[in-house]
Amino acid sequence: MQRKARDMPDPIEVRKVPIESVTDASGLARLIDEGVIEADRVLAVVGKTEGNGGVNDYTRILADRAFREVLLAKGTRTAEEVGQVPLVWSGGTDGVLSPHATVFATIDPATAPPSNEPRVSVGVAMSDIIAPEDIGRPAMVETVAAGVREAMKIAGIDDPADVHYVQTKTPLLTLDTINDAKRRGHGVVTEDTLKSMDISNSTTALGIAVALGEIEMPSAGQIHKDLSLYSSVASCSSGVELDRAQIVVVGNVRGIGGRYRAGHDVMRDALDADGIWAAVRSTGLELPERPHPSDLGDRLVNVFLKCEADPSGSVRGRRNIMLDDSDVHWHRQIKACVGGVAASVTGDPAVFVSVAAVHQGPSGGGTVAAIADVG
């Protein structure tokens, strides 16, 4: 059912900007200075930073501070209001991946005539606080699901089928939060802080899947274990910089206006370039049967992928040693691999590829979202 105009959310502008150094936010500043977007209309930023991608990857915090400083300096929002804008940073640009940020902002509806074609709408929400003892457990699934439903309402999306990308950032466990839980008489799902990153991501993905009706509410024993359960649109990251879920829901709404359209698909394994092309094609871009990066022109804004080393230890029947390698963690190896595959599709190394994809797409593969400028 199409909403009445007065209920329609504002149309969306989506732009990708490079990050030229660890604390560089000049791309965002340039968009504002050139009048492409307004600082006070920025809804969310999703980006890749150049650190190690681990628990102690503070490039995420540096980027977060730099981008918030630009929003504060060039807008009228208070520091508290700017602090509520979801800036979702995924650390680690292994291989050819390039640091960058994708900026989502509303624009004046008068500048974007309504369209009966599906166009991007974005809803952002912050969940209730997620206690350290709830990470990896059903309580976190329920908290995330409630936040996703709220973000959908804000985006004006009624049908879960119109949701193509849900990006989240959630807390992981650190020594301090583990000790906090213990002081209050609670145990935690793991005391391995790096493992808690994967578990936080996977639990969040199940919350997204529950909210969108992709699965029923899982049991505690299924979380991070039953790999048949997954969301086809979830992209989940975690870090030390927050205590709740930041949620960005991206989908399509008819009548909203604007130039952009979202689509999605999944990679079945780490080499599934066809899965990436299917996501791009689902945005409505017309492509030949066997497309080439040159067919995209400048119409593809970005792709957003999750990846995971296949727990079987093989890809297409060939053994690999990522999960046995004690020198370089598999997080970094699979990210570099899938980043190369994605960049070969788009022709642009500034693609969003995030690791730890349990429950985010098929096991050994991952979700793929795409946003295109359809004019």
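Laid out as a table, the results:
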| item | result |
| --- | --- |
| Length released on extending from Glu241 to Ala73, taking residue separation times 0.36 nm less the Cα-Cα span | 58.3 nm |
| Distance between modelled label sites at Ser228 and Tyr58, nm, 7 Å Cα→Cβ extension | 4.6 nm |
| All Cα pairs of the chain, percent lying beyond 30 Å | 33 percent |
| Mean separation of Cα contacts under 8 Å, 6 or more apart, over the residue count of the chain: relative contact order % | 22 percent |
| Length-normalised contact order for the stretch 266-320 - Cα pairs under 8 Å, 6+ apart - percent | 32 percent |
| DSSP H segments from the chain that extend 20 Å or more along their own axis, Cα-based, with Kyte-Doolittle mean of -1.0 or above | 59-74, 138-155, 193-211, 330-346 |
| For the chain, share of DSSP beta bridges that run antiparallel, in % to the nearest 5 | 75 percent |
| Cα-projected label distance for Ser326 with Arg183, points at 7 Å along beta-carbon direction, nm | 3.6 nm |
| For the chain: accessible area per residue (Å², 1.4 Å) | 41 Å² |
| For the chain, calculated [θ]222 nm from helices alone, where every DSSP H run of n ≥ 4 adds -39500 (n - 2.57) | -8500 deg cm²/dmol |
| Alpha-carbon centroids, the stretch 305-322 and the stretch 249-273: separation in whole Å | 25 Å |
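The values are calculated or read from the model by the stated rules, or taken from the named source; none is laboratory data. What you see is a predicted model, and the numbers here were worked out from it, not measured in a lab. Because the Cβ atoms are built from the backbone with ideal geometry, glycine has one as well, and the counts that use them run over all protein chains shown. When the accessible area is computed, the model is the full protein with side chains, heavy atoms only, and any ligands, DNA or RNA have been set aside. Shrake-Rupley method; radii C 1.70, N 1.55, O 1.52, S 1.80 Å.
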